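Participant: Below is the structure I would like to discuss, written out as structure tokens.
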Amino acid sequence: MSAEEHHEVYAPDQLKPGNRKRAQRGAIISAAILILFFWGNQQGNTEKVWLVVIALGLIGVVIGDVVLRKAGLRPNDQ
């Protein structure tokens, strides 16, 4: 086989799609845990801003995924 004919080799389980519902639940649980860190021992508000922004980002990704799948712009097989 020459260098131009290089093909990637995958194990069969590497190409299996992940569990979408489990990933969505994990993102929402992670966002909830980040919000619980809101009541910590921070002195300033910078940490609180980052916690809220990251939590909203996670929730935004989940909502965006649901909306795109319902609109048919993303395949439902993953």
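Participant: Quick one: how many residues across the stretch 41-57 are open to solvent by 50 Å² or more (accessible area, probe 1.4 Å) and at pLDDT below 80?
Facilitator: Of the residues in the stretch 41-57, 2 are open to solvent by 50 Å² or more (accessible area, probe 1.4 Å) and at pLDDT below 80.
Participant: Follow-up. Here is a check on your reading of the model: is Leu68 open to solvent by 60 Å² or more (accessible area, probe 1.4 Å) and not in a helix (DSSP H, G or I)? Walk me through how you get there before you give the answer.
Facilitator: Values: open to solvent by 60 Å² or more (accessible area, probe 1.4 Å): yes; not in a helix (DSSP H, G or I): no.
It is false that Leu68 is open to solvent by 60 Å² or more (accessible area, probe 1.4 Å) and not in a helix (DSSP H, G or I).
Participant: Identify, please: which residue in the stretch 15-26 is within 20 Å of Leu58 (Cβ to Cβ) and not in a helix (DSSP H, G or I) and is, among those, modelled with the highest pLDDT?
Facilitator: Among those that are within 20 Å of Leu58 (Cβ to Cβ) and not in a helix (DSSP H, G or I), it is Asn19.
Participant: Moving on. With respect to Arg74, determine if the residue is open to solvent by less than 100 Å² (accessible area, probe 1.4 Å) and either modelled with pLDDT under 95 or touching a Leu at 6+ places or on another chain (Cβ under 8 Å) (or both).
Facilitator: No, not satisfied.
Participant: Within the bounds of the stretch 4-14, is there any residue that is at pLDDT 85 or above and not basic (Lys, Arg)?
Facilitator: no
Conditions (1) among the β-branched types (Val, Ile, Thr); (2) open to solvent by 60 Å² or more (accessible area, probe 1.4 Å); (3) at pLDDT 85 or above, marked per residue:
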residue: Ile28; (1), (2), (3): yes, yes, yes
residue: Ala32; (1), (2), (3): no, no, yes
residue: Trp39; (1), (2), (3): no, yes, no
residue: Ile59; (1), (2), (3): yes, yes, yes
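The values are calculated or read from the model by the stated rules, or taken from the named source; none is laboratory data. Note that the coordinates shown come from a computational prediction; the quantities given were computed from them, not determined experimentally. So basically every Cβ, Gly included, is an ideal-geometry build from the backbone, and we count neighbours across all protein chains shown. Each accessible area value is taken on the protein alone, full model and side chains, heavy atoms only, with ligands, DNA and RNA left out. Shrake-Rupley method; radii C 1.70, N 1.55, O 1.52, S 1.80 Å.
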